[in-house]
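The values are calculated or read from the model by the stated rules, or taken from the named source; none is laboratory data. Please read these numbers as outputs of a predicted model, since none were measured by experiment. Cβ placement follows ideal geometry from the backbone for every residue including glycine, while neighbour counts extend to all protein chains displayed.
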Amino acid sequence: MLKNFFLISMTFYLFLSLNSKGQVLELSSFQKKIVIDDFSEFTSNPTLYAATTLSFTYAAPLAGHWDLVAESFAFNDNTYSTQGTAAAGAADPFDEEDIKIRAFNECNTPDIDYDISGASPNINHLSSTLFRNIGATGTEKYIVGNLAARGNTPGDIGSPCAGAPINSTGSPSSDPQSHTFRIDFELDFSNFPATVMTPGFYTYTVNFKAYDDANPGTQIGNTVSFSLEIEILPVLQMNISSLQNIDFSFSDINKYISGAIKYGATKMEVNSNLQWDLTAIGSSFTNDQSSGLSPFWDIIASYSSNPGGSSNIPLSALEIFQNQPNPQPGAGAGARDYSANFTTPPSGNNNIEVATGYLSFLPVALSGSNLEKSIAGSIDPLFPSSMGPGSYIIDGGGAWVREQFSYTISYRLTPGLPATFANGAPLIAPLYANPGSYSMRVKFILTEDQ
Amino acid sequence: MKKIFSLLFASTLFFGSANAQILSEQNVTINMDLQPVLQLSIEGPEQIDFNFTEIDQYYAGIVKNGANVLKVSSSVSFDLWAAGLSQGNVAALCMDQLIDYQGGGAAGLNTVPVTALELHQFPPNPLVTAATATCDGATAMTDESDYSQAFAIIDNATNLPTALAGNNCIYAPAPTTPYIAPQMTGVAGAEEKYIAGGDGTTTCSVVGGSYLTNSMNFSNGAGGAGTGLPVNPGYYFVMDYRIVPGLPASFPMHIAAGNANGTALTLAAAAAAAGNLAVAGNYASPGVYSMYVKYILAEDQ
């Protein structure tokens, strides 16, 4: 199979070689990939320098002059998200018109003002110095020459080739300054963050062709194709500064009554190129394994040989406090975030949401949870809301406020006397919490808004 | 050739290495060490002396009112009881004799039972107030199960308490098992005493709480008189002590005839340990005697 394929490929190559004898376009590479996986790359237009080098051999017995064009040949997308430019009906989707190209050579050939418009570089052409798009699929733009039959074209003023003809016979080896072009690409992310640049895998294919200057539109020689692969990854970066374990020790009666608080124990910072939600989920092995039928802390050790109380301490008894309100809490009634002050006795407004699941979350009704509370945005299906793209590192120049990408979390537990954790559900009372060592976990979930 | 291959296979690479990151998760573990807090603080002197130097003190005994105040804070349901104990240098369940004044002669016995000490508590065991039935069987709890009855009057004709009137003798476990909890039998006359709580689980205990957050109801909050009782009894007790030697000094409060619950196991055992002390003609040998009261606050078992 491979052997047959190899023979077919060789035949194709020989066919191309025979037909391009004397006029050969060549590329140093046919394909490059650019991966956008860091938030900083969205704040500027990512650039790929020297993606390929286009060289053109125009040798005897040929005569006359040539033009050179780039054609926007194909654009394919395979998106990872429904957000942003790929969304149905998006006004300005990310496509071939957002991929810009620059063709540079020492003669600054693409900057020659063929239209004698006085504007240089020639605005209808690809530039040697500026990035321009080629346009919609099927569109061609000239790198050298234009539709007019111009004959001999001298090098650009100010370049080493000024006054010397550049579009006649020559080769990359004998005339590298005029017969080679360094091809650069730039992705136009100027719509970000107003519009999410939809994560996905995109391929853009550009054809390069040479035309007979005396007969515009008449191709001479071969066509070479270059494919640029663009992978825009969803960037959901959450930096968390926290102790891995947050320990509460209740050894004094006053702590039982007043509760214990761990102020600012966890700090979270977010970068996202998507609309996002940040939420806190309380869970335990007991809760996960029971599919929410036992929303209780895991029991590590019991201190009573014959406990008379209950070891089913509700997960929702854990209270958390976020340092600033949720900027986008959604429209529902009641507590939509954890910004309410801790009160004595606990108000219930800070009870952590309890859920099961790993990639999607089901609220645990026994805990009184309905996923109404989120730290930022909302995963409440009834009242969805989301945060826009942005970063905690810098302000977005009006597009976002960096403080809204940074949250500090405090924790509190209030056993009460008797130790019934009265703010949690299901209720322990009339029993009390058996003395022992208990454990649970808080999952901080940064997720693409659905 | 290599370039041609690259071109031909370019399309096969389109779907490689797509590491879509739709969710970022960080976990923080919350550990909670819920230690059982059972705090019992006692106000009052560490040592309480009863000096019988006057004859009327033998007759009427000596009362130490409010000698100790017990304050409880507990995170768990609890029971509270008092245990009368000694080192047993005379006999188990009898007070230790520190010095013998050698005045007794053959009839003078040094077997003074620890149950000669009477306690009185205020307020009553909240379970007694509630007449909880489940702690001692089908019988509703009575004040035989605590020390809330007033000290019994000594009859001057008999030099004894009125028959079965006494109900304040301290619970006295064996010195080898000082932490054995009092037993509630549900049988009248055979109950052992708690200050708070009771024998058994479920409702036979005082729920966790603290005297710190308890109101004594000095007033009703509107400027009027309050009840003068704790809102949530069970965390604050005033303890009175009495010892009645009697004349002759046979310490009559401990004998079964004078006690409403004289058939309680430990009371009967202490009476047996006292031997012939209560037999006519015998009396307690003069000397210095000592015992101690162990107040035990325990998670309800």
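Among (1) out of contact with any helix residue (DSSP H, G or I) (no Cβ under 8 Å at 6 or more places or on another chain); (2) in a helix (DSSP H, G or I); (3) not hydrophobic (A, V, I, L, M, F, W, C), there is one condition A:P307 misses while meeting the rest; what is its number?
Among (1) out of contact with any helix residue (DSSP H, G or I) (no Cβ under 8 Å at 6 or more places or on another chain); (2) in a helix (DSSP H, G or I); (3) not hydrophobic (A, V, I, L, M, F, W, C), the lone unmet condition for A:P307 is (2).
What number goes with the only condition from (1) in a loop (DSSP other than H, G, I, E, B); (2) closer than 16 Å to B:C204 by Cβ; (3) touching a residue at least 60 places away in the same chain (Cβ under 8 Å) that B:E144 does not pass?
(1)
Restricting to the range A:325-341, give me the number of residues that are modelled with pLDDT of 90 or more and surrounded by fewer than 19 Cβ atoms within 10 Å (Cβ to Cβ).
The qualifying residues number 7.
Just to be sure I understand, how many residues within the range A:320-350 are within 25 Å of A:D288 (Cα to Cα) and touching a Pro at 6+ places or on another chain (Cβ under 6 Å)?
2
Go through the range B:103-135 and give me each residue that's assigned to a loop (DSSP other than H, G, I, E, B) and over 18 Å from B:V207 (Cα atoms). Working first, answer last.
Taking the range B:103-135 and keeping what is assigned to a loop (DSSP other than H, G, I, E, B), we get B:103-104, B:110-112, B:123-125, B:130-135.
Hits for the range B:103-135 are B:G103, B:G104, B:N110, B:T111, B:V112.
Which condition number does B:N217 fail, the rest of (1) in contact with a Ser or Thr (Cβ under 7 Å, 6 or more places away or on another chain); (2) under 16 Å from B:P161 (Cα atoms) being met?
The single condition B:N217 does not satisfy is (2).
Quick check on this structure: which one of A:P435, A:P384, A:P389 is at pLDDT below 95 and within 30 Å of A:D252 (Cβ to Cβ)?
On the way: A:P384 fails: within 30 Å of A:D252 (Cβ to Cβ); A:P389 fails: within 30 Å of A:D252 (Cβ to Cβ).
Selected residue: A:P435, the only one of A:P435, A:P384, A:P389 that is at pLDDT below 95 and within 30 Å of A:D252 (Cβ to Cβ).
What do you reckon, is B:D56 exposed (fewer than 15 other Cβ atoms within 10 Å of the Cβ) and at pLDDT 95 or above? Can you show your working first?
Values: exposed (fewer than 15 other Cβ atoms within 10 Å of the Cβ): yes; at pLDDT 95 or above: no.
Against the criterion (exposed (fewer than 15 other Cβ atoms within 10 Å of the Cβ) and at pLDDT 95 or above), B:D56 does not qualify.
Just need a number here: residues in the range A:248-270 that are of a type outside the set (G, A, S), buried (at least 18 other Cβ atoms within 10 Å of the Cβ) and either in contact with an Asp or Glu (Cβ under 8 Å, 6 or more places away or on another chain) or more than 10 Å from chain B (Cβ to nearest Cβ) (or both).
Final tally of qualifying residues: 2.
Does any residue in the range B:281-301 that is under 28 Å from B:P45 (Cβ atoms) come within less than 6 Å, Cβ to Cβ, of a residue that is basic (K, R) and outside any strand (DSSP E or B) six or more places away or on a different chain, and which pairs are these?
Listed by first residue and then by second, the contacts come to nothing, as the list is empty.
Among the residues of the range A:358-377, what is the count of those that are among the β-branched types (V, I, T) and either closer than 18 Å to A:I409 by Cβ or assigned to a strand (DSSP E or B) (or both)? Full working, then the answer.
From the range A:358-377, those among the β-branched types (V, I, T) are A:364, A:375; that's our starting set.
Those still in the list that are either closer than 18 Å to A:I409 by Cβ or assigned to a strand (DSSP E or B) (or both) too: A:375.
Looking only at that region, the number is 1.
Looking at the range B:26-47 only, could you name the residues that are out of contact with any helix residue (DSSP H, G or I) (no Cβ under 8 Å at 6 or more places or on another chain), in a strand (DSSP E or B) and either basic (K, R) or within 14 Å of chain A (Cβ to nearest Cβ) (or both)? Explain how you work it out, then say what you get.
Filtering the range B:26-47 for residues out of contact with any helix residue (DSSP H, G or I) (no Cβ under 8 Å at 6 or more places or on another chain) gives B:26-36, B:38, B:40-47.
Checking the rest, the ones that are also in a strand (DSSP E or B) come to B:26-34, B:38, B:40-43.
Those that are out of contact with any helix residue (DSSP H, G or I) (no Cβ under 8 Å at 6 or more places or on another chain), in a strand (DSSP E or B) and either basic (K, R) or within 14 Å of chain A (Cβ to nearest Cβ) (or both): B:Q26, B:N27, B:V28, B:T29, B:I30, B:N31, B:M32, B:D33, B:L34, B:L38, B:L40, B:S41.
Please specify each residue of the range B:79-100 satisfying the condition of being under 17 Å from the mean Cα position of the chain (by Cα) and either more than 27 Å from B:A269 (Cα to Cα) or in a loop (DSSP other than H, G, I, E, B) (or both).
Within the range B:79-100, B:S86 is the sole residue that qualifies.
Report, by residue number, each residue of the range A:254-298 that is within 25 Å of the chain's Cα centre (by Cα) and either part of a loop (DSSP other than H, G, I, E, B) or of a type in the set (A, V, I, L, M) (or both). Outline the logic, then answer.
Narrowing the range A:254-298 to residues within 25 Å of the chain's Cα centre (by Cα): A:267-281.
The answer is A:M268, A:V270, A:N273, A:L274, A:Q275, A:L278, A:A280, A:I281.
Within the set of pairs 6+ apart or on separate chains, which have a first residue in the range B:48-76 that is within 14 Å of chain A (Cβ to nearest Cβ), a second that is of a type in the set (S, T, Y), and C-beta atoms under 6 Å apart?
Here the result reads B:K71/B:S41; B:K71/B:Y211; B:K71/B:Y236; B:V72/B:Y235; B:S73/B:S210; B:S75/A:Y256; B:V76/A:Y432, each pair linking the range B:48-76 to a residue that is of a type in the set (S, T, Y).
Of all residues in the range A:421-450, count the ones that are facing chain B (nearest Cβ under 9 Å) and either in contact with a Lys or Arg (Cβ under 7 Å, 6 or more places away or on another chain) or within 21 Å of A:F285 (Cβ to Cβ) (or both).
13
Does A:D395 count as under 20 Å from B:I22 (Cα atoms) and more than 14 Å from chain B (Cβ to nearest Cβ)?
On the way: under 20 Å from B:I22 (Cα atoms): no; more than 14 Å from chain B (Cβ to nearest Cβ): yes.
Here the answer is no, as A:D395 does not meet what is asked.
Name the strands (runs of 3 or more DSSP E) wholly inside the range A:190-242 in which the number of residues that are over 28 Å from A:V270 (Cβ atoms) and in contact with a strand residue (DSSP E or B) (Cβ under 6 Å, 6 or more places away or on another chain) is 2 or more. Spell out the reasoning first.
Numbers: elements: A:200-212, A:219-232, A:236-242.
In the range A:190-242, the matching strands (runs of 3 or more DSSP E) lie at A:200-212, A:219-232.
For every residue, the table says whether it meets (1) touching a helix residue (DSSP H, G or I) at 6+ places or on another chain (Cβ under 9 Å); (2) closer than 22 Å to A:T343 by Cβ.
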| residue | (1), (2) |
| --- | --- |
| A:S294 | yes, no |
| A:S311 | no, no |
| A:L318 | no, yes |
| A:G330 | no, no |
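Might you let me know whether the range B:237-251 holds any residue that is surrounded by 21 or more Cβ atoms within 10 Å (Cβ to Cβ) and closer than 24 Å to B:C135 by Cα?
Yes, that holds for at least one residue.
Yes or no: the range A:225-233 includes at least one residue that is touching a helix residue (DSSP H, G or I) at 6+ places or on another chain (Cβ under 6 Å) and of a type outside the set (D, E, K, R).
Scanning the range A:225-233 turns up at least one residue that is touching a helix residue (DSSP H, G or I) at 6+ places or on another chain (Cβ under 6 Å) and of a type outside the set (D, E, K, R).
Of the residues A:A399, A:A301, A:A335, which single one is assigned to a strand (DSSP E or B) and in the same structural domain as A:M440 (by TED's automatic domain parsing)?
Numbers: A:A399 fails: assigned to a strand (DSSP E or B); A:A335 fails: assigned to a strand (DSSP E or B).
The unique qualifying residue is A:A301.
Given (1) among the hydrophobic types (A, V, I, L, M, F, W, C); (2) touching a residue at least 24 places away in the same chain (Cβ under 8 Å); (3) surrounded by fewer than 24 Cβ atoms within 10 Å (Cβ to Cβ); (4) out of contact with any Ser or Thr (no Cβ under 7 Å at 6 or more places or on another chain), identify the lone condition not met by A:L359.
The number of the failed condition is (2).
Is there a residue being in contact with a strand residue (DSSP E or B) (Cβ under 6 Å, 6 or more places away or on another chain) and either away from every other protein chain (no Cβ under 11 Å) or free of Cβ contacts under 8 Å to residues at least 12 places away in the same chain (or both) anywhere in the range A:296-311?
no
Only one of A:A355, A:A340 is within 37 Å of the chain's Cα centre (by Cα), hydrophobic (A, V, I, L, M, F, W, C) and in a loop (DSSP other than H, G, I, E, B); which?
Details: A:A355 fails: in a loop (DSSP other than H, G, I, E, B).
One residue alone meets the criteria, A:A340.
In the range A:46-61, what residues are crowded, with 16+ Cβ neighbours inside 10 Å and either touching a Ser or Thr at 6+ places or on another chain (Cβ under 7 Å) or of a type in the set (A, V, I, L, M, F, W, C) (or both)? Steps first, answer last, please.
Filtering the range A:46-61 down to residues crowded, with 16+ Cβ neighbours inside 10 Å leaves A:46, A:48, A:51-58.
If the condition is that a residue be crowded, with 16+ Cβ neighbours inside 10 Å and either touching a Ser or Thr at 6+ places or on another chain (Cβ under 7 Å) or of a type in the set (A, V, I, L, M, F, W, C) (or both), then A:L48, A:A51, A:T52, A:T53, A:L54, A:S55, A:F56, A:T57, A:Y58 are the ones that fit.
Condition test on A:F248, is it among the hydrophobic types (A, V, I, L, M, F, W, C), assigned by TED's automatic domain parsing to the domain that holds A:L274 and either under 20 Å from the mean Cα position of the chain (by Cα) or assigned to a strand (DSSP E or B) (or both)?
So A:F248 passes the test.
Residues of the range A:180-224 being closer than 19 Å to A:G145 by Cβ, among the aliphatic types (A, V, I, L, M) and within 14 Å of chain B (Cβ to nearest Cβ), which ones?
Within the range A:180-224, A:V206, A:V224 meet the criteria.
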